[in-house]
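The values are calculated or read from the model by the stated rules, or taken from the named source; none is laboratory data. Note that the coordinates shown come from a computational prediction; the quantities given were computed from them, not determined experimentally. Glycine gets a Cβ as well: all are built from the backbone with ideal geometry, and neighbour counts include every protein chain shown.
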Amino acid sequence: MTNMHRVVLAASLLATTALTILLGVTDPATPLYYPTRFLIWNLFLAWIPVVFAAGFAVVRQRFWLIPLGIGWLAFLPNAPYLVTDLVHLGEGYELWRHVLQYGFAAWTGIILGVVSMLLVHRRIDREFGRVAGWATVVVAAGLCAIGIVIGRFQRWNSWDLVTRPDAVAATTLQWVRSPLAHVESTGVALAVGGFFALAYLTIWALAAAAPVRR
């Protein structure tokens with residue numbers, strides 16, 4: 001990827017983020033009403049894994065791959081999580097404004113997650129081999145599905161992994177032991193996790209098929 005491609009990618013992601021926020025704050029009914037202000041916060045959280053992944057991709061010393069990788073994994077589910085904010089479409093009065101707002105947010109979240117995973121995947125593939133790279137992708141996609149359950153249905157967030165890890169682990173293990181007892185959360189988690197994985201495979205295939213400039 002050339003510097004021009006990086007600039008265009010960053011600019012497009014920033015533009016869709018800004019457009020999503022603009023649709024919310026200019027709502028003539030009640031600007032910054034619930035859940036618009038939380039959608040803005042969720043967009044912020046979705047950018048965090050990209051920051052960790054960017055550091056992961058360029059850091060020279062392997063030692064730093066561990067904390068950066070953990071930070072990336074901890075915040076990665078916040079990116080595809082934006083798809084689940086579509087549940088708020090029934091709230092408010094301007095349906096089309098909200099369809100566009102949440103649609104843009106969902107798209108931005110998925111692409112942010114894909115970009116961050118691509119950065120991490122390439123670094124691991126280069127450092128530890130192809131098997132390790134794809135194993136990371138599979139594990140990360142699975143953790144995103146679990147993260148959807150933790151965030152949307154159990155109502156924990158990434159910060160709780162630091163402040164209340166025991167409570168998060170207890171409720172998550174309860175779901176893991178009997179996923180079929182929670183049909184809705186399990187179904188949504190699998191659907192969003194699968195969608196995110198397919199989106200990644202699509203972008204990865206397109207990037208792999210692009211000619212390499214020498």
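Structure notes:
- Candidates Thr36, Thr26, Thr16: the one that is hydroxyl-bearing (Ser, Thr, Tyr) and without any contact (Cβ under 8 Å) to a residue 12 or more places away in the chain is Thr26.
- Scanning segment 94-115 for any residue that is buried (at least 20 other Cβ atoms within 10 Å of the Cβ), under 25 Å from Leu23 (Cα atoms) and among the aromatic types (Phe, Trp, Tyr) turns up at least one such residue.
- Failed item in (1) part of a helix (DSSP H, G or I); (2) free of Cβ contacts under 8 Å to residues at least 40 places away in the same chain; (3) under 19 Å from the mean Cα position of the chain (by Cα); (4) surrounded by 14 or more Cβ atoms within 10 Å (Cβ to Cβ), with Trp175 passing the rest: (3)
- So Val188, is it under 18 Å from Val115 (Cβ atoms) and assigned to a helix (DSSP H, G or I): no
- Condition check for Arg152 on (1) at negative phi; (2) at pLDDT below 85; (3) over 19 Å from the mean Cα position of the chain (by Cα): one failure, at (3).
- Pairs, first farther than 14 Å from Ala106 by Cα and of a type in the set (Ser, Thr, Tyr) in segment 184-209, second assigned to a helix (DSSP H, G or I) and at pLDDT below 95, C-beta under 6 Å, six or more apart: Ser185/Val149; Ser185/Phe153; Thr186/Pro179
- Cβ pairs under 7 Å, 6+ apart, first in segment 99-115 and acidic (Asp, Glu), second in a helix (DSSP H, G or I) and crowded, with 22+ Cβ neighbours inside 10 Å: none
- Restricting attention to segment 149-172, the residues that are touching a Phe, Trp or Tyr at 6+ places or on another chain (Cβ under 8 Å), among the aliphatic types (A, V, I, L, M) and in contact (Cβ under 8 Å) with a residue 60 or more places away in the chain total 1.
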